[in-house]
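Take a look at the structure set out below.
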Amino acid sequence: MAARRHFFAYAYHAVTAAPLYHLWQSVLAFVRRFRLIAFLLRLLGILIAALQTGALVLLTTALFLIILPLLLLLGLGVLLTALVDSRRANRHFGRELKGKTVYVLFLHTSSSAFLQQNVADLSHRGAVLLISAHWLAPDGWSKSGFYCTARKEATNIYWIRKYYFYQLRRHVLRPEDTVLIY
């Protein structure tokens, strides 16, 4: 994450480096190589006949007109809320992190007892920012619930969302006081 300057560059890299993306690329190569399209069209015809036209219309209508727009609005709502909340969080972190060494940990999981003990040890030396492995999940060690940008877990320990990290790094963190731990 620290190698990318902006969130969108990180997100593009995360998508193109994902196993699902590589699987999709190999499936596309397979389709192009063996002319699987004709087979898929025949299979689609059989599925349409099995589902009948009425059930297919209801299914596609529900998917494209109801479910997908709601999911898109939910995602945009969370990102807009995070954008608005990021200014408040920047002011807060500007005060909290002033004069402290900041340890930034990029996490893949959040449930290791070994990790928790290391974070507790680092929190005695300075502030610890845990970059969440999840986009929306209310991860953390306490039962504090959902957060958009950042959440205080304990004294000098904070959970940070991936999409907020870039703005925090740009506006608050000073390179000479920041230690990145991968």
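Can you tell which of Leu83, Leu115 is open to solvent by 80 Å² or more (accessible area, probe 1.4 Å) and assigned to a helix (DSSP H, G or I)?
On the way: Leu115 fails: open to solvent by 80 Å² or more (accessible area, probe 1.4 Å).
Criteria check complete, one pass: Leu83.
Each residue in the stretch 1-52 was checked for being over 30 Å from Leu129 (Cβ atoms) and aliphatic (A, V, I, L, M), and 18 pass.
Is it true that some residue in the stretch 148-162 is in contact (Cβ under 8 Å) with a residue 24 or more places away in the chain, assigned to a helix (DSSP H, G or I) and closer than 18 Å to His6 by Cα? Full working, then the answer.
The first filter runs over the stretch 148-162 and keeps only residues in contact (Cβ under 8 Å) with a residue 24 or more places away in the chain, leaving 148-150, 154-162.
Applying the additional criterion that residues be assigned to a helix (DSSP H, G or I) yields 162.
From the residues that got through so far, the ones that are closer than 18 Å to His6 by Cα too are 162.
Yes, that holds for at least one residue.
Could you go through the stretch 71-80 and let me know if any residue there is under 24 Å from the mean Cα position of the chain (by Cα) and in contact (Cβ under 8 Å) with a residue 60 or more places away in the chain. Yes, the conditions are met somewhere in the stretch 71-80. Scanning the stretch 86-106 for residues that are within 12 Å of Leu173 (Cβ to Cβ) and open to solvent by less than 40 Å² (accessible area, probe 1.4 Å) gives Asn90, Phe93, Gly94, Leu97, Val102, Tyr103, Val104.
The values are calculated or read from the model by the stated rules, or taken from the named source; none is laboratory data. Quick caveat: nothing in here was measured; it's all calculated off a predicted structure. Methodologically, a virtual Cβ is constructed for each residue, glycine included, from the backbone with ideal geometry; neighbour enumeration extends over all protein chains shown. These accessible areas exclude ligands, DNA and RNA; they are computed on the full protein's heavy atoms, side chains included. Shrake-Rupley method; radii C 1.70, N 1.55, O 1.52, S 1.80 Å.
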